[in-house]
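In what follows, a single structure is set out as structure tokens and then discussed.
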Amino acid sequence: MYYLGLDLGGTKMEAAVISERGLLISSERVLTHAQEGSAAVLERMFVLLDAVLSAAHLEAKQISGLGVGVPGAVDHATGSIHSLVNLPGWTNFPISDCLHSRYALPVFLNNDANAAAWGEYIFGNGRGCKDMLYVTVSTGIGGGIILDGRLHNGATGSAGEVGHMVLLHHGERCNCGNIGCWESISSGPAIAKEAMRRMHCGEESTLSSLAHPEKVTAEDVFAARERGDRLAIEVTERALYFLGLGIANLVNALNPERVILGGGVAGVGELLITRVKNVVEQVAYGPAKTVKILPASLKAKAGVIGAAALAIGPVLPNNTFWVGQEP
Ligand SMILES: [Zn+2]
């Protein structure tokens, strides 16, 4: 059995054909050119999907399902996109109907973080457990919740928007408008912003000798930490402490068997896992602290493999919209 996956992003979109075991048969990535609007992007999406089918020497009728991950909110009742962050022209867009009309496949649509969570659950470090929390830390913080073997979408489809838990009521303003959201403390841009704020206040750091000290990235801050830079150590320790604190709160609420950490910032590896484990051991309640904290295993292809996985059993994602014949 083969599955198609499509990961729509604000900058790039990627499609892939995978086998039921998660083997990547073909994949291709193109620029989204989101500013051209939904009609032009949809056309490019068709070309991209045709290209990966062709590269896999398969026709649409040989594919069991098409999973789609999008950077925003979806309406599970209608298979429409509710709205997308950074992509104009997609509000209330019936994307599942459009894709189903063209390929005559069941279409499974979900938020990209939920898709990545489901991918880890089916093919990655979440395999074999029943209750899993996935948290992705990159330009924002997102997540996906697997409860009793099913992807939990919630009453209005926004379950897993963990980045907007408020952890500091006197913190920074978040992109969502609230103050002190988790992603305004522990995301990549938040780490960079905190380092630059402290340098502006006169604190010394080797980061000030970079070619563009006003454009410091989280990667720069972690690299400075490796060199023993005191400010970088303090800034990253703070972000990692709050990362652990948010996860401990979620562990208390959900009591998962495993927590899987993905995304660019999580790519710093063992340091991040160790810090999160320490905080969870201190803060999580009772037996819930036995939770296993693991890195994501799908890495660069997590988005598109996760999208394809949305269309895959053995346990179909709960409430996920599909069109046509049940696979
Ligand atoms: Zn927020």
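Just so it is clear, none of the values below were taken in a lab; they were calculated from the coordinates. As the structure is a prediction and not an experimental result, all values here were calculated from the model. Positions of Cβ are generated from backbone atoms using ideal geometry, with glycine treated the same way; all protein chains shown enter the neighbour counts.
How large is the translational diffusion coefficient of the stretch 70-122 in µm² per second when you combine the Kirkwood radius over alpha carbon pairs with Stokes-Einstein at 37 °C and 0.692 mPa s?
Value of D from the Cα-based Kirkwood radius: 284 µm²/s.
Could you list the square roots of 5 times each eigenvalue of the Cα gyration tensor of the stretch 33-90, that is, the equivalent ellipsoid semi-axes, sorted largest first and rounded to whole Å?
Taking √(5λ) for each Cα gyration eigenvalue gives 24, 16, 8 Å.
Nearest 10 degrees, 0 to 90: what angle lies between the long axis of helix 270-283 and the longest principal axis of the chain (Cα atoms)?
80
Taking N as the number of residues in the stretch 128-297, what is its alpha-carbon radius of gyration divided by 2.2 N^0.38 Å?
Ratio of Cα Rg to 2.2 N^0.38 Å: 1.05.
Report Rg/Rh for the stretch 1-104, rounded to two decimals, where Rg is the Cα radius of gyration and Rh the Kirkwood radius.
0.95
Sum -39500 (n - 2.57) across every DSSP H segment of at least 4 residues in the chain, then divide by the residue count to get the 222 nm mean residue ellipticity, nearest 500.
So the helix-based figure for the chain works out to -10500 deg cm²/dmol.
Count the lysine pairs in the chain that are 8 or more places apart or on different chains: how many have C-alpha atoms under 18 angstrom apart?
7
Report Rg(Cα)/(2.2 N^0.38 Å) for the stretch 265-308, keeping two decimals.
Rg over 2.2 N^0.38 Å, computed on Cα atoms: 1.43.
Report, in cubic angstrom per residue, the convex hull volume of the C-alpha atoms of the stretch 153-225.
Per-residue hull volume (Cα only) is 111 Å³.
Within the P(r) computed for the chain, what percentage of the Cα pairs occupies the region above 31 Å?
Result for the distance tail: 33 percent.
Add +1 for every Lys or Arg and -1 for every Asp or Glu among the other residues with Cβ under 13 Å from the Cβ of ASN178, and state the total.
My count for the surroundings of ASN178 gives -2.
Return one number: the angle in degrees, 0 to 90 and rounded to the nearest 10, between the long axis of the Cα atoms of helix 112-123 and the longest principal axis of the Cα atoms of the chain.
Between the helix axis and the principal axis of the chain, the angle is about 80 degrees.
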